[in-house]
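The values are calculated or read from the model by the stated rules, or taken from the named source; none is laboratory data. Every value quoted in this text rests on a predicted model; they were computed, and no experiment measured them. Every residue, glycine among them, receives a Cβ derived from its backbone with ideal geometry; neighbour counts consider all protein chains shown.
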Amino acid sequence: MDGRVSIVGCENYAPETVEQAMDALFAPLDALSWVKPGMKIAVKANLVVAHGPEKAATPHPEVVCALCRRLTERGAEVIVGDSPGGPYRKPFLDAVYRATGMTQVTRTGARLNEDFGETEVRVPEGKVLPSFWCCDYLLKADAIIDLCKLKTHALMGYTGACKNMFGAITGTHKTEFHYRFPTHEAFASMLVDLCGFLKPRLSICDGVLAMEGNGPSYGDPRHVGVLLASFNPHALDLLAADLIGLGKDGVPTLAEAADRGLIPENARALSLFGDPEPFRVPDFKLQPPVDIRFWGLRSEWFHRLAKGMLVTRPKPDKTCVGCGKCVIGCPAKAITMVSGRPKIERNKCISCFCCGEFCPKGAMKAYEPFVGRLTRGKRTNGK
């Protein structure tokens, strides 16, 4: 278990500020000592949605450029890419690259991924994941660098380095995985399997402008002013989640990683380079937990009643424009359009919140029933 995590302050995205912070971030880890001339390195950035950097849904282009510049200076061939939900095709990805500002990386000598091939790969060491369709640009790389964003997530509570690897699964194949792994525990186990197969050599988190609330695509920007790096993606996630008031019990991927011995039980047991205290945000607005299971109950009637009263679920708000993209993105086929509005069949809904990620207006919100709010109280940080 590698529990080393570097953490530094980065007040804003001014180029000189980011450059200095990146040097300070990498120095104690000697983070790029493994990079050799001629290596092909894939930077897997979290490009979940075609939003500008000010929305805090994706890593800021200045952070990506600072990383790419250091890699190309060492003689590496650098490819930046992702496969967000939607068609894994050039027109769609070009729109994402432009909106997120990723086109700027070409100034550093890096290039954007235009290889849209995919290959089915086996995961021999997977606990729950036997195989998946993987982006070829990642398979062809000598090493992967995982560049994530500090954000909330409707399904996993927090999204970071481990969840970022879900973008290795091509395009619309992702929706199938929500249906195949419908519980928190199963989905988290699949993500840890996926991350373990891809083995990112380095993980970096952009938390200068983080996202709170309705993440991972339509939450509210929140200044935290921090960058993190680690050779262990789960250790990075453990510290990043700790900064916003979450422990392993509040993030299913961290609970799974801890069960597998990949991280300690809490962030205090990590080997830190830098002081996390100035970057803690005690009032960070978290997502309500989206599910609770009643597997021990034999009464199907009571199970459904309890689920209806307690389980957080997607619900469109008044900003819905009736475009129907939530229907296309729903893996459980639980949504139909009725009089220009999405209607969700609650008995089919698996609370994966794919509808929220596909919604171009951010109209699909996580709604927690009143009884659920009463019984749960405030979400605990699991410390």
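Here is how the numbers come out for the structure above:
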quantity: Near pairs, Cβ below 7 angstrom, 6+ apart or cross-chain, from the range 246-269 (within 26 Å of Gly213 (Cα to Cα)) to any residue that is of a type in the set (S, T, N, Q) and not in a loop (DSSP other than H, G, I, E, B); calculated: Glu256/Ser189
quantity: Residue within the range 27-49 that is over 20 Å from Ala76 (Cβ atoms), over 22 Å from the mean Cα position of the chain (by Cα) and not charged (D, E, K, R) present; calculated: yes
quantity: Among the residues listed as Asp206, Asp220, Asp259, Asp249, the single one being crowded, with 24+ Cβ neighbours inside 10 Å, acidic (Asp, Glu) and at negative phi; calculated: Asp206
quantity: Residue satisfying all of: in the range 257-285; in a helix (DSSP H, G or I) and more than 16 Å from the chain's Cα centre (by Cα); farthest from Ile7 (Cα to Cα) among these; calculated: Asp259
quantity: Residue in the range 88-105 that is touching a Ser or Thr at 6+ places or on another chain (Cβ under 8 Å), closer than 30 Å to Gly213 by Cβ, of a type in the set (Ser, Thr, Tyr) and at pLDDT below 95 present; calculated: yes
quantity: Residue within the range 139-153 that is more than 26 Å from Val251 (Cβ to Cβ) and hydroxyl-bearing (Ser, Thr, Tyr) present; calculated: no
quantity: Matching residues in the range 1-15 - criterion: being over 10 Å from Leu236 (Cβ atoms) and buried (at least 19 other Cβ atoms within 10 Å of the Cβ); calculated: Gly3, Val8, Cys10
quantity: Exclusive hit being exposed (fewer than 15 other Cβ atoms within 10 Å of the Cβ), under 19 Å from the mean Cα position of the chain (by Cα) and in the same structural domain as Ala56 (by TED's automatic domain parsing), set Glu176, Glu120, Glu114, Glu125; calculated: Glu176
quantity: Every pair of residues 6+ apart whose Cβ atoms lie under 9 Å, when the first sits in the range 204-220 and is closer than 13 Å to Val49 by Cα while the second is of a type in the set (Lys, Arg) and surrounded by fewer than 24 Cβ atoms within 10 Å (Cβ to Cβ); calculated: Ser217/Lys55; Tyr218/Lys55; Tyr218/Lys361; Tyr218/Lys365; Gly219/Lys55; Gly219/Lys285
quantity: Odd one out for Pro182, checked against (1) of a type outside the set (D, E, K, R); (2) within 24 Å of Leu93 (Cα to Cα); (3) assigned to a loop (DSSP other than H, G, I, E, B); calculated: (2)
quantity: Residue that is nearest to Lys174 (Cα to Cα) [pool: residues in the range 77-100 that are buried (at least 21 other Cβ atoms within 10 Å of the Cβ) and of a type in the set (A, V, I, L, M)]; calculated: Leu93
quantity: Residue that is farthest from the chain's Cα centre (by Cα) [pool: residues in the range 332-347 that are part of a loop (DSSP other than H, G, I, E, B) and of a type in the set (Lys, Arg)]; calculated: Arg346
quantity: Answer residue from the range 179-197, given it is over 30 Å from Arg280 (Cβ atoms) and of a type outside the set (Lys, Arg) and is surrounded by the most Cβ atoms within 10 Å (Cβ to Cβ) among those; calculated: Met190
quantity: Scope the range 138-165; condition part of a helix (DSSP H, G or I) and either of a type in the set (A, V, I, L, M, F, W, C) or surrounded by fewer than 24 Cβ atoms within 10 Å (Cβ to Cβ) (or both); matching residues; calculated: Leu138, Leu139, Ala161, Cys162, Met165
quantity: Residue that is nearest to the chain's Cα centre (by Cα) [pool: residues in the range 187-226 that are assigned to a strand (DSSP E or B) and within 20 Å of Ile263 (Cα to Cα)]; calculated: Cys205
quantity: Residue in the range 29-46 that is in a loop (DSSP other than H, G, I, E, B), acidic (Asp, Glu) and more than 19 Å from Asn113 (Cβ to Cβ) present; calculated: yes
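Okay, residues lined up against (1) within 20 Å of Val63 (Cα to Cα); (2) at pLDDT below 95; (3) out of contact with any Gly (no Cβ under 8 Å at 6 or more places or on another chain):
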site	(1), (2), (3)
Phe197	no, no, no
Val208	yes, no, no
Met211	yes, no, no
Asn214	no, yes, no
Ser217	yes, yes, no
Pro221	yes, no, yes
Val224	yes, no, no
Pro233	yes, no, no
